[in-house]
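Okay, structure first, notes after.
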Amino acid sequence: MIFRRSTFVALIISALFVVGNLEIRAVPPEASAWSFPLGFQESNASHLWETDAIRADVTLAGISWEQKPPRAAWVRGSMDGEVWSDWAALVIEAEHGPDPGTDEARATNPASEPVYLGEVRWIQFRIDGQPGELEAHVVETAGRQRSLLTRVTDAWRRIAWREPSAGAAPGQPDIISRDVWGGDRCVGDKEPPGLTDGVRAMFIHHTATAGAYSEAAAPDVVYAICNYHANTRGWKDIGYNFLIDVYGNIYEGRAGGVDQPVWGAHTGGFNYYSFGVGLIADHNVSSVGAAAQLSLIELAAWKLDIHHVDPSQAITIESLGSTRYDQGVIVDMPTVAGHRDASSTSCPGNLCYPLLGGFRTSFQETGGAKIYGTGPETAPVPLGPTTFSFTITEPADWHFRLFDANEEMLLDESGSGTDVSIPWDGRIAGELIEPGDYRVSFTAVTGTGEVPRPVDQVITWYRAPFRDDDTSVHETSINTIAAQGITQGCSTYFDWWFCPDDEVPRDQMASFIARALGLADSDSDRFSDDDGNVHEGAINALADAGITVGCSSGGGYCPRRSISRAEMATFLYRALDLQPAGSDYFIDDDNNPHETAINAIAELGVTLGCGGERFCPNDPVMRAQMASFLDRAFISGP
């Protein structure tokens, strides 16, 4: 009798179930994602440009571009190369994405939104506009390209010991976990997205994935979108925090916990403040069905209550940079918004966006009495006077407490009513509290005995102007150069970040020194590789003053290269117009071309070296170190 190897594996698995407390879990096949260049011919029938039929086993497809995208693009699929699906539009605007300035945004590749085609063996693309350098990006999630070894490995991965399931948070709707649809497998070993300081709003999206899909295929649609976001777009994970299919099933999106403020990549410029829900449909062409609406209401009412956000209100927030609002623009935004409220996009579709007003009312009315607000209006909070504000949707007796990191109670207040405002001077026994994390507790009981979800929130207080330098030995110098206008922070996310451990690139160094010297920007255009750089004027000003001669690389300045400690010594030497020193202060800079400058700033007391009679001339300068160099050189002295 002859056994196939796959049959043998199946028998072993079956036997294990007899003797072990095992279960089969959902593990999708390992997805394949790849790209290839596209060639087009003009179609006489449509006056558009089309590719030949392309043989490829795929389930999802999109396109990317080098210079600029086509005016419009479409894709279709076929199982036999003869009978084709309808042309499905590839959304070119692709406004979903990470917040600008983040590592995730810097890794992003320009591409269309994808289209889920189902299991097809042929694809074809069509565009409107002259074809440039376009590439197809495809994902195969059906496992048709797997080897026997991969199939066997997947079979073993499906076996798991039964463990007690974790209980959902009170009121949480049924949410299909990442384990079921393959979220962790989709992202591989990418760095997790991380958490924000809290949720203040939600954004409703549609995925614009054209075409019908069965309920059984819906998890595969999520898996395919995740692979496209992670592998084609270059993101850390699927962009949405949650997704809802047309059958009303809710899916956990980004990793980090459904009840946590997970940093999304759905609404570039506003992710930090919000969570995003993607409706798996194209709501420019189809209406939002009853099942999806009911699930959206159930999910949003619970999630907004978790974070104590009032869906009927608006908030004032600062854009981190979107196609509708430039970075730094202050925006009044509904707490329940559509993607188009933040970006220049049609998302969540013309047949969905008009429903948002009704959704806000339903979110508010679902789930009984609620507490809105988590204490201070913004987080984190600068040390000093603040006000704790809460709103209870029904008259109630309330109790407020504030605890430090050791759970010692610092404040204890109680009262009755619906609108609660508790002012505080930020001091205990007359002393300003220390920077760090503090826990806010706010509970209430209504007149009918109902207990709304309590507030139990960690709030971070920081010493202005920056929140991330409170443990740095350079904090005093950082604050000093900030007060002098030499730095405004690192502008990666918000103005309360200084990024003390980031390396200083040469272009930023130019601006720091130009501000310290009071030099105005120059338009002399001294270098060939800084055109369009925001620091170009400062770079030219330093070159005009003889403080820099560039990086000796074909007339360039090398603006994005990290500056070394030795190079910084020369910048300061020239800026301060110093003379050579009479002593050799360090043992590791002999024959270094910047040794004269190093000794000169050491003699002035600007540097003490890096320890043990060493200067570490080739090490990069960190922003915190830079603050001390500049403070000693230009402001406070040695």
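Computed values, structure above
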{"quantity": "Fully extended contour minus Cα-Cα distance, from Glu613 to Asp529, at 0.36 nm per residue", "calculated": "26.6 nm"}
{"quantity": "Only Lys, Arg (+1) and Asp, Glu (-1) charged, at Cβ; the chain dipole about Cα centre in debye", "calculated": "1820"}
{"quantity": "Positive dipole terminus of segment 589-633, leading residue within Ala627, Leu608, His594 (C-beta point charges)", "calculated": "Ala627"}
{"quantity": "Rg(Cα) / (2.2 N^0.38 Å) computed for segment 399-473, rounded to two decimals", "calculated": "1.32"}
{"quantity": "Accessible area of segment 365-504 belonging to carbon and sulfur atoms, whole % at 1.4 Å probe", "calculated": "47"}
{"quantity": "Residues whose placed amide H lies under 5 Å from that of Leu410, excluding near-sequence neighbours", "calculated": "Leu402, Phe403, Asp404"}
{"quantity": "In Å², nearest 10: area of Ile481 left accessible to a 1.4 Å probe", "calculated": "0"}
{"quantity": "Relative pair counts by distance (%), Cα atoms of the chain, 10 Å bins", "calculated": "3, 13, 20, 20, 19, 15, 8, 2, 0, 0"}
{"quantity": "Dipole magnitude (debye, nearest 20) for segment 198-311, charges at Cβ of Lys, Arg, Asp, Glu", "calculated": "380"}
{"quantity": "Asp326 - accessible surface, heavy atoms, 1.4 Å probe, Å² rounded to 10", "calculated": "110"}
{"quantity": "Candidate residues Thr232, Thr418: accessible-area rank, largest first, probe 1.4 Å", "calculated": "Thr418, Thr232"}
{"quantity": "Crossing angle, helix 290-306 versus the chain [Cα axis fit, 0-90 degrees, rounded to tens]", "calculated": "30"}
{"quantity": "Point-to-point label distance, Ala429-Ala72, nm (Cα→Cβ direction, 7 Å offset)", "calculated": "7.3"}
{"quantity": "Whole-angstrom gap from segment 208-228 to segment 287-357, using each part's C-alpha centre", "calculated": "23"}
{"quantity": "Extended-chain gain in nm, criterion 0.36 nm per residue less alpha-carbon gap, Asn350 and Met79", "calculated": "94.4 nm"}
{"quantity": "Amide proton proximity set for Ile459, modelled H, under 5 Å, gap of 5+", "calculated": "Tyr438, Arg439, Val440"}
{"quantity": "Gain on full stretching of the segment that runs from Gln579 to Asp326 - 0.36 nm per residue minus C-alpha separation", "calculated": "86.5 nm"}
{"quantity": "Distance from segment 364-423 to segment 234-278 (C-alpha centre basis), Å", "calculated": "27"}
{"quantity": "Whole-Hz ³J(HN,Hα) from phi, Karplus 6.51 cos²θ - 1.76 cosθ + 1.60, for segment 575-590, glycine and proline x", "calculated": "5, 8, 6, 7, 10, x, 7, x, 9, 9, 8, 10, 9, 10, 10, 4"}
{"quantity": "Alpha-carbon centroid distance for the pair segment 88-112 / segment 447-472, whole angstrom", "calculated": "32"}
{"quantity": "Percent accessible area from carbon and sulfur atoms, segment 190-272, protein chains only, probe 1.4 Å", "calculated": "52"}
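The values are calculated or read from the model by the stated rules, or taken from the named source; none is laboratory data. These figures come from a predicted structure and were not determined experimentally. Quick reminder, even Gly has a Cβ in these numbers, built from the backbone with ideal geometry, and neighbours come from all protein chains shown. For accessibility, only protein heavy atoms count, side chains too; no ligands or nucleic acids. Shrake-Rupley method; radii C 1.70, N 1.55, O 1.52, S 1.80 Å.
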